[in-house]
Amino acid sequence: MTYIVTRLCRDCIDTACVAVCPVSCFYTYEGDDKATFPNQLYIHPEECVDCNACEPACPWEAIFPEDEVPDVFADDIDLNYKMADHEDDFEVQEEVDHEQPDPAEVVANKAKWGFE
């Protein structure tokens with residue numbers, strides 16, 4: 001099992017999860033197929049050690065254990081696994097300081113993706 005970054009991360013990309021990951025398994029897409037791989041973080045499924053450090057660190061609440069991904073984000077499981085087939089187009093994400101979202105922003109982002 002791995003952890004899955006869901007679309008709740010799209011265009012938010014806070015790297016608090018990166019800061020706590022002991023194996024640096026978070027990646028960003030640097031290729032040209034932005035329709036397939038949107039602007040978000042991805043967890044490499046073969047590198048994740050299931051330590052659970054990332055899930056509580058994510059201020060957008062975008063990360064779930066694979067077997068607990070809400071149905072509305074089921075497609076995001078395949079997307080995270082698909083990144084492993086395109087490794088050459090991904091780079092390890094470095095930690096970057098970001099302003100943390102406030103609770104209202106987190107709720108609005110969830111509503112935008114149909115998760116309430």
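Values in this text are rule-based calculations from the coordinates and carry no lab data. For clarity, every value in this text was computed on a predicted model and none was experimentally measured. So basically every Cβ, Gly included, is an ideal-geometry build from the backbone, and we count neighbours across all protein chains shown.
Taking the three principal axes of the alpha carbon atoms in the range 3-112, the coordinate ranges are 37, 28, 27 Å, sorted in descending order. In a fully extended conformation the segment linking residue 74 and residue 89 would gain 3.1 nm over its present Cα-Cα distance, using 0.36 nm per residue. Residue order for 98, 44, fewest other beta carbons within 10 angstrom first, comes to 98, 44.
Quick one: compute a quarter of the convex hull surface over the Cα atoms of the range 64-116 and quote it in nm². Result: 5.2 nm².
With a 10 Å cut-off between alpha carbons and a GNM built on the chain, which of 74, 62, 104 moves the most? Maximum among the listed residues: 104.
Separation of the range 1-39 from the range 85-108 is 6 Å, based on Cα centroids.
Taking amide hydrogens as placed 1.01 Å from N in the peptide plane, the amide H of residue 4 sits under 5 Å from those of 64, 66, each at least 5 positions away in sequence or on another chain.
Starting from the Cα of residue 66, step 7 Å toward the Cβ, then list every residue of the range 13-44 with an amide N under 13 Å from that point. Zone members listed by number: 43-44.
Extending 7 Å from the Cα toward the beta-carbon at both residue 35 and residue 98 defines two label points whose distance is 2.6 nm. Taking a point 7 Å out from the Cα of residue 57 in the direction of its Cβ, none of the residues of the range 30-45 has a backbone N less than 11 Å from it.
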